[in-house]
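Heads up, the thing below is written out as structure tokens.
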Amino acid sequence: MRDKKESKRMLTASQRIAVIISVYIFIILVITWLLGFLLLLPFYETSQVNNVKKQVSIIEKNIDSEELAILAHRISNGRNVCIIVSQVGAIDDPIISEHIFGGCEMHSRPTSEYYNLARNNDEKTYQSIVEGQYAGTAYDPDNYEGRVPRSSAKPRDSYVYAKIVKDTSNISYLVVVEGVCSPSMAEVNTLVYHLISLSVLVVIFGILIIRAITKNLIGPVVTLSEASKDIVRGDAEFDVINRPYKEVDDLRQSLDYASKELNKLEKYRRELIANVSHDLKTPLALIKGYSEMMKDIPGEATPENIQVIIDETTRLAGLVNDMLDLSRLQDGGDRLKIKVFDLVKALEEPLKIHGKLLEAKGYKLILEHEDEAFVYADEGKIIQVIYNLLNNAVNYAGADKTVWVRQTTNGLNVRVEVIDNGEGVDVDILPHIWDRYYKSAKSHKRAVVGTGLGLSIVKSVMNMHPGGVYGVNTSVGEGSTFYIELPKLDPRFMDLDKFPEIIED
């Protein structure tokens, strides 16, 4: 219940993306507005100062032109600056005077003052920022209608730049240019309109991005998530889902693979239940039948009938034990007890006893081996593996009822093969014979010995051993050779006493 409540409180991927992009947009807009107003004044002032200096430089380059007045007029109106050009000999009698905006200082101040200020400078220039001032008359906004300037509103500042220049005849001139260097309310309002427009466009663009990401990136993942809920019912369909990019396709393939494997697992589980039920039903029926017969007919309590009950009970116990062993092995609940031992010596006596039991059933067991073969493994589990391979061979032995157990050296490994002359394994089912729940589609055959779970136990035990190898060489009609391999220890080059006994977790 708590997990469901927490799941409801969690944001979906689409919601998280929407939140993240919204936060980014908000931060960008805040920074844009702050920079827009914080940097407006210094940027505007720097731009206008550079503009005024540039116009003085242009006039200086064209000081000899006969049409300088036309140029000055164009510059004044085009660049929104006031211009005065005076010859030094008649400094207060300008030859050019362009007055473009009211309130400029240069037209209310004698030109000679600028000349004297520039002459006293080594660079023959003078520059200053003039703070704007309104006329001294009283001003009350309440006396007017409309959106009039506030009482606190400041007039625009201006920048004055004066420079003494000479023409080609070495005649000196004073060039003075003044331009506003603080933005007007109209310019501020224009900036506000631009920022508002930009903000709206960014928000719309962000919404489109969120929708595009949700549809193209998150949409297929959500579709896969919904489709994955059908896996448990066994009818999940992933092939029809749109996969616009590699990660989604990889996820689709993984879910499709998981769905198919779960379907196989469910199929094997049902088959296992059917097969185990069959294996349980037969001995239970025999035990019940013979027991009732001996109860009803006292003369039938013979050693032979009692032995049948004992054999079937042993078979039942073996089936249960093998299922428990397989469950522990595959769930990691069984530990290895690794030590150095001679596999040949470990096999001789158990297989000799097992061979006598098989001879009583009409089978022949042939053992071939080297003088010795040392390995580093769990002795009990390796013997169990070979027993399971042997029981499997007995169950599928050919008409000659002969089984070989052969130990050899294969490169750096000790190899044990269990060989029969039976019908072999069809290539179609060969990859599945080691699976836990797999059973051939052929009619179920009651095992002569063992429980039918042996190959799964072989796979689990050999996978637990470092360097363990298992496999089968088989052809239909030519019998089968099941084998295992373990790394071989050579006492001629190794000190076997230094290998510790280990109980793995």
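Values quoted throughout were computed directly from the atomic coordinates according to the rules given, and no laboratory measurement underlies them. Remember, it's a predicted structure, so these values are computed and weren't measured experimentally. Neighbour counts are summed over all protein chains in view; Cβ atoms, including those assigned to glycine, are modelled from backbone coordinates with ideal geometry.
Each label point was placed 7 Å from the Cα along the Cα-to-Cβ direction; for Val469 and Thr313 their separation is 4.5 nm. Near Gln55: Cβ cut-off under 15 Å, other residues only, Lys/Arg at +1 and Asp/Glu at -1. The net charge is +3. Ranked for footprinting exposure by Cβ neighbours inside 10 Å, fewest first, Thr313, Thr12 give Thr12, Thr313.
Distance from the C-alpha centroid of segment 87-146 to that of segment 9-79: 26 Å, rounded to the whole angstrom. With the highest mean first, a sort of the peptides 22-28, 491-497 on other beta-carbon atoms found within 10 angstrom per residue produces 22-28, 491-497. Note on Thr408 and Phe37: their simple-model spin labels are 9.1 nm apart, each label 7 Å out from Cα toward Cβ.
Remark: spin-label model distance Asp92-Ala285 equals 13.8 nm, labels positioned 7 Å along the Cα→Cβ axis.
Using 1/(1 + (r/R0)^6) with R0 = 22 angstrom and r between the beta carbons of Val49 and His73, what's the FRET efficiency to the nearest 0.05? The pair Val49/His73 has a calculated efficiency of 0.50. Taking 0.36 nm per residue of separation and subtracting the Cα-Cα distance, full extension of the segment from Ala135 to Ser172 would add 9.8 nm. Straightening the chain between Ala13 and Ala399 buys 132.4 nm, computed as 0.36 nm per residue apart minus the Cα-Cα spacing. Figure legend: label point modelled 7 angstrom from the Cα of Ile28 along Cα→Cβ; residues of segment 168-195 with amide N under 15 Å from it are 195. Sorting the segments 149-155, 120-126 by their mean number of nearby beta carbons within 10 angstrom, highest to lowest, gives 120-126, 149-155. Pairs from the list Lys361/Lys488; Lys459/Lys488; Lys215/Lys260; Lys264/Lys361; Lys361/Lys381 with a Cα-Cα gap above 30 Å: Lys361/Lys488; Lys264/Lys361. Judged by the mean number of other Cβ atoms found within 10 Å, the most tightly packed of the peptides 460-473, 380-393 leads the ranking 380-393, 460-473.
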